[in-house]
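Asker: Sharing a structure here in structure tokens format.
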Amino acid sequence: MTDSPMPPAPGFEVHGARGRFNAAFFSVMGPYIEWNLRGHKRRVFAGLPQTVVEVGPGVGANLRHLPRGSTLVAIEPNIHMHARLRAAAERRGVHLDLRDRVAEHTELPDRSVDGVISSLVLCSVTDPAAVLAEIRRILRPGGTFRFVEHVAAPAGTPTRFLQRALRRPWAWTFEGCSCERDLAGQLRTAGFARLDIELYRLHTPFIPFNTQIAGIAHA
Ligand SMILES: C[S@@+](CC[C@H](N)C(=O)[O-])C[C@H]1O[C@@H](n2cnc3c(N)ncnc32)[C@H](O)[C@@H]1O
């Protein structure tokens, strides 16, 4: 029997070179990004349940926020992230249940999970409204979606101008990432029972990425 390459997750186009570049980029830049986001992540990821679903975990930036011995159901369609994600889960003592799926279609049962997390992912998914609907579908009543994401700057600001000017090379390099999404607005209209959200600004050289939100949406 010969090995055939795994077919890509439906709804996601795997790029050979850019998929590998992004896996390497987030491995190398991970500590710097984490240093900038750690306060917000510690706040919103505190007290996660024993089993957590993460959409778009990449190479495992958020594993450090899970207790050893917990289980991560990882919805990650970029197969070039998988080896690093497996190795990171092993190092952190987290049981990994890795699924080559898109966040729009997790194929998890209705009302089956207590916690979903994401960081820097809703900027990249094809359809953020569909992802939020899917997260609501799989969360049990009382479950939470905890997120740290980058968003569009207010209209008319220099940052917003830069986000627009750089949109094409940025999206090409970072596999569809958009810095122009009003994710706070989308979260507010997604039908969660309650939304706790904070808008803040980072001060990194990656200016289009500096306008951010972090929070907890309650099912
Ligand atoms: C910018 S990276 C962030 C990775 C990680 N969450 C972090 O904070 O370092 C975006 C991730 O979202 C994943 N992604 C893109 N589209 C997706 C989709 N439709 N469903 C699930 N994950 C997706 C990418 O493969 C990538 O791992």
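Asker: What is the spread of the Cα atoms of segment 16-218 along each of their three principal axes, largest first, in whole Å?
Answerer: 44, 38, 29
Asker: OK, next. Place a +1 charge on the Cβ of each Lys and Arg in segment 16-218 and a -1 charge on the Cβ of each Asp and Glu, then give the dipole magnitude about the Cα centre in debye, rounded to the nearest 20.
Answerer: 460
Asker: List, in order, the whole-Hz ³J(HN,Hα) value for each residue of segment 144-157 obtained from phi through the Karplus relation with A = 6.51, B = -1.76, C = 1.60 and θ = phi - 60°; use x for Gly and Pro.
Answerer: Values, residue by residue: 10, 10, 10, 9, 9, 9, 9, 9, 5, 6, x, 4, x, 8 Hz.
Asker: So, one more: Can you pull the one-decimal nm distance between simple spin-label points at residue 129 and residue 46, each 7 Å off the Cα toward Cβ?
Answerer: 3.5
Asker: What whole-number distance in Å separates the alpha-carbon centres of segment 37-57 and segment 203-219?
Answerer: 14
Asker: For a quick size check, give me the Cα extents of segment 63-164 along its three principal axes, largest first, whole Å.
Answerer: 47, 31, 24
Asker: Identify, among 15, 105, 32, the residue whose Cα sits farthest towards the positive end of the charge dipole of the chain, taking +1 on the Cβ of Lys and Arg and -1 on the Cβ of Asp and Glu, with the dipole about the Cα centre.
Answerer: Farthest towards the positive end: 32.
Asker: Given a Förster distance of 25 Å, report the FRET efficiency between residue 24 and residue 207 from their Cβ-Cβ distance, rounded to the nearest 0.05.
Answerer: 0.65
Asker: Apply the Karplus curve 6.51 cos²θ - 1.76 cosθ + 1.60, θ = phi - 60°, to the phi angles in segment 122-138 and return the couplings in whole Hz, x for Gly and Pro.
Answerer: With the stated coefficients, segment 122-138 comes to 5, 6, 10, 5, 5, 9, x, 5, 5, 5, 5, 5, 5, 5, 4, 5, 8 Hz.
Asker: Enumerate the amide H contacts of residue 73 below 5 Å, restricted to partners 5 or more residues apart or on another chain; note that Pro and chain-start residues carry no placed amide H.
Answerer: HN-HN under 5 Å from residue 73: 52, 53, 54, 97.
Every number in this text was worked out from the coordinates using simple rules, so none of it is lab data. Everything quoted here is computed from the prediction, not taken from an experiment. Reconstructed Cβ throughout: ideal geometry from the backbone, glycine too, with neighbour counts over all protein chains shown.
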